[in-house]
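Below you'll find the structure, written out as structure tokens, and then a few comments.
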Amino acid sequence: MDLVLYHAARTRSIRVRWALEEMELPYRLETVDWSQKPVGGDAYRAVHPLNKVPALRDGDTTVLESMAIVQYLATKYGPTAIDLRTDEPDYGRYLTWLHFGEAGMTMPVTLLLAHTALLPEDSRNPKLAAWAKGETEKLLDFLAEDGLAGRDWLAGGRFTTADISVVYMLFLLKMIGQFDDAPAAVKAYWTRATARSTWAKATAAED
Ligand SMILES: N[C@@H](CCC(=O)N[C@@H](CS)C(=O)NCC(=O)O)C(=O)O
């Protein structure tokens, strides 16, 4: 096994690093230079044609898309507790939340990020920001009321890749100061998830 994770601080590569740490897999971090435009410079295009992070190299195989990479690791180098088996009762629920973290949450959270923090102030649209905030609130209510009602973790009664998927989005919201009014159950979930020693490793500064 020769796993190389193309990584940049605070990005979705945290998800992959978190899965690698949870699975106790050996890997090498390749830090992608975020200050270059495009990200990583022209040479990085050979790894990720869109110059985005993360990317994973496993020998001759390259995998893109953070949750696809997590799924690749969980299925190829599992079984481990962070993946659910298809015969577990929560399997459908597991896939729902695993995809919700990227597919369901990205659009409102990214618009909120762009129009409150990322774009130059004169390019931000307050109406769009307000709309994205409202949509994000609905998603967090859904997470509290459906995802976490009576549960510590989203599926299978244990920490899984579904949690890795969703918690990264909470991290983004926290980073842009949009988490203070999250439902109490979501805040408690954030505290629980980030208390894991593997979160500290996944977010540690690179050597
Ligand atoms: N859906 C993709 C999103 C990848 C993505 O947009 N990554 C961001 C960092 S979290 C990035 O590289 N942005 C740089 C850019 O778009 O120039 C995934 O989950 O991997």
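Values quoted throughout were computed directly from the atomic coordinates according to the rules given, and no laboratory measurement underlies them. Only a predicted model underlies this, so the values are computations on that prediction, with no experimental measurement involved. Here Cβ is always computed from backbone atoms with ideal geometry, including for glycine, and neighbour counts include all displayed protein chains.
From the square roots a ≥ b ≥ c of the eigenvalues of the alpha-carbon gyration tensor of segment 17-114, which class results: rounded (a/c under 1.5), prolate (a/b over b/c), or oblate? Oblate shape, in that a/c is at least 1.5 and b/c is the bigger or equal ratio. Beyond a 19 Å Cα-Cα separation, which of these cross-linked pairs lie in this structure: Lys52/Lys174; Lys37/Lys133; Lys133/Lys187? Beyond 19 Å: Lys52/Lys174; Lys37/Lys133.
Could you line up Asp122, Asp33, Asp163 from fewest to most neighbouring Cβ atoms inside 10 Å?
Asp122, Asp33, Asp163
Simple point charges give the picture: +1 on the Cβ of Lys and Arg, -1 on the Cβ of Asp and Glu, and for segment 43-175 a dipole about the Cα centre of about 340 debye. Each eigenvalue of the Cα gyration tensor of the chain, multiplied by 5 and square-rooted, gives one semi-axis; in descending order these are 26, 25, 14 Å. Give the residue list of GluC sites (Glu not before Pro) in segment 109-207 that are DSSP loop and have at most 13 other beta-carbon atoms within 10 angstrom. The qualifying sites are Glu206. Label point of Thr61 set 7 angstrom out along Cα-Cβ; within segment 1-17, amide nitrogens under 16 Å from it belong to 1-6. A Förster radius of 35 Å, combined with the Cβ-Cβ distance separating Arg151 from Asp2, puts the computed FRET efficiency at roughly 0.40.
Using a Gaussian network model of the chain whose springs link C-alpha atoms within less than 10 Å, name the residue from Leu173, Leu143, Leu118 with the highest mean-square fluctuation. Checking each option, the largest mean-square fluctuation is seen for Leu118.
Sparsely packed loop sites in segment 120-207 (the trypsin sites (Lys or Arg not before Pro) outside DSSP H, G, I, E and B with at most 16 other Cβ atoms within 10 Å) comprise Arg124, Arg151, Arg196.
By DSSP, the beta bridges lying fully in the chain are antiparallel in about 70 percent of cases.
Packing-based ranking of 106-116, 57-67 yields 106-116, 57-67, ordered from highest to lowest mean Cβ neighbour count within 10 Å. The residue among Ala8, Val32, Leu118 whose Cα reaches farthest toward the positive pole of the charge dipole of the chain, with charges on the beta-carbon of Lys, Arg, Asp and Glu, is Leu118. The Cβ shell under 15 Å around Ala114 holds other residues with a net charge of 0, Lys and Arg each +1, Asp and Glu each -1.
Which part of segment 1-35 falls in the paramagnetic zone of Ala43, meaning amide N under 19 Å from the point 7 Å along Cα-to-beta-carbon? Under cut-off, by backbone N: 4-9, 28-35. Springs join every pair of Cα atoms under 10 Å in this Gaussian network model of the chain, and among Val32, Val70, Val166 the largest mean-square fluctuation is at Val32. When the chain is treated as a GNM with alpha-carbon contacts under 10 Å, the residue of Ser165, Ser123, Ser13 showing the greatest mean-square fluctuation is Ser123. The label point for Ala81 and the one for Lys133, both projected 7 Å from the Cα toward the Cβ, are 4.0 nm apart. Sequence-ordered 3J(HN,Hα) estimates for segment 147-164 from the Karplus curve with 6.51, -1.76 and 1.60 and θ = phi - 60° stand at x, 10, 4, x, 9, 7, 10, 6, 7, x, x, 8, 5, 9, 5, 5, 5, 4 Hz, glycine and proline given as x.
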